[in-house]
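Structure first, commentary second.
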Amino acid sequence: MQNPIPYGDLLPAIREASAKEMLYYNNGYDVQIKSDETPVTSADLASNRILVDALQKLYPEIPVVSEEFDKPNPEVLRNAFFLVDPLDGTSDFISGRKEFTVNVALVERGKVVLGIVAVPALNELFYGYRDRAFCTSLSDVELGNVKELHLSGRYRPFMPGRKPRVLVSVSHAEPQTEDHLRKIAGEEIPVGSSLKFLRIADGFADYYPRAVSLHEWDIAAGHGVLKAAGGNVYRFGTENEVEYGQKDFVCPPFEAY
């Protein structure tokens, strides 16, 4: 993997945000409850400032949509925009688990084309742009030890004769998804946050279904990595790729594989 890579100038901000989150993770932080009754920590907000400031400085012509900002009308984002989730897996973070992530995605005309995801507590960095995806250690500043990700013999839901390794949420269980999981009858593996998309991209698991809606920033960067590795994220029960910039930035139920 050669440097510079497309949008590789964002990696220093990704590393800075990751280091800031680890500082809070190891030394303590404040927790507030947002209007939607979900938690936000001082680590979320500090990471958000780092990432949004870097995006606005490096790419001032591209709007930024972040979980922790007021949201623009999607109608103004028809060409391209960044989607940021500065700390996905806040519940994992608060619980002391290591499966929280730093996420930046680029969307062009509704389709994700770039995903950068860091896993600070596991020292992992994933990068996917269009049709190439890579992983390395987050601390490898020179990108000297990089593995290219490429899925072959990709799983499809209900493939005969194959028991899939199915990823399930650590913190959130929904009856609709659990009903679907019983039909799949796979080996269920609990994994937190957007790390689930990465564990399909790196071959650890096969399938991640979610039969209820999420916000777009929760999945866009992981989707970008998985898509670049040869997988994709589809509207539940279809082979139509999930698109972004929808009303209220809510994505529909989906299946990732």
Worksheet item: For region 51-92, how many residues are among the hydrophobic types (A, V, I, L, M, F, W, C), at pLDDT 95 or above and in a helix (DSSP H, G or I)?
Response: 5
Discussion item. List the residue pairs whose Cβ atoms are under 7 Å apart, where the first residue sits in region 103-116 and is more than 8 Å from Ala80 (Cα to Cα) and crowded, with 24+ Cβ neighbours inside 10 Å, the second is of a type in the set (S, T, N, Q) and at pLDDT 95 or above, and the two are 6 or more positions apart or on different chains.
Written reply: Asn103/Ser194
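Here are some residues: Leu83, Leu77, Leu87. Which one is in contact (Cβ under 8 Å) with a residue 60 or more places away in the chain, out of contact with any helix residue (DSSP H, G or I) (no Cβ under 9 Å at 6 or more places or on another chain) and outside the structural domain of Glu243 (by TED's automatic domain parsing)?
Leu77
Any idea which residue in region 173-204 is surrounded by the most Cβ atoms within 10 Å (Cβ to Cβ), counting only those that are hydrophobic (A, V, I, L, M, F, W, C) and within 25 Å of Glu67 (Cβ to Cβ)?
Applying the first criterion (hydrophobic (A, V, I, L, M, F, W, C)) to region 173-204 yields 173, 181, 184-185, 189, 191, 195, 197-198, 200-201, 204.
Retained after the next criterion (residues that are within 25 Å of Glu67 (Cβ to Cβ)): 173, 191, 195, 197-198, 200-201.
Working: Ala173: 11, Val191: 21, Leu195: 24, Phe197: 32, Leu198: 28, Ile200: 27, Ala201: 30.
Step by step, filter region 173-204, then rank; the result is Phe197.
From the list Arg78, Arg49, which residue is farther than 19 Å from Gly192 by Cα, surrounded by fewer than 21 Cβ atoms within 10 Å (Cβ to Cβ) and touching a Lys or Arg at 6+ places or on another chain (Cβ under 8 Å)?
Working: Arg49 fails: touching a Lys or Arg at 6+ places or on another chain (Cβ under 8 Å).
Step by step, each of Arg78, Arg49 is checked, and only Arg78 is farther than 19 Å from Gly192 by Cα, surrounded by fewer than 21 Cβ atoms within 10 Å (Cβ to Cβ) and touching a Lys or Arg at 6+ places or on another chain (Cβ under 8 Å).
So how many residues does region 93-126 have that are assigned to a strand (DSSP E or B) and closer than 30 Å to Glu75 by Cβ? Before you say what the answer is, go through the steps one by one.
If we filter region 93-126 for residues that are assigned to a strand (DSSP E or B), which is where we start, we get 101-108, 111-119, 124-126.
In the following step, the residues that additionally are closer than 30 Å to Glu75 by Cβ were identified as 101-108, 111-117.
Count: 15.
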Worksheet item: Is it the case that some residue within region 189-196 is at pLDDT 95 or above, more than 17 Å from the chain's Cα centre (by Cα) and not assigned by TED's automatic domain parsing to the domain that holds Pro72?
Response: yes
Worksheet, complete the sentence: Note on region 82-129: residues over 26 Å from Gln32 (Cβ atoms) and of a type in the set (Phe, Trp, Tyr) are Phe126, Tyr127, Tyr129
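The values are calculated or read from the model by the stated rules, or taken from the named source; none is laboratory data. Just so it is clear, the structure is predicted and the values come from calculations on it, not from any experiment. Because the Cβ atoms are built from the backbone with ideal geometry, glycine has one as well, and the counts that use them run over all protein chains shown.
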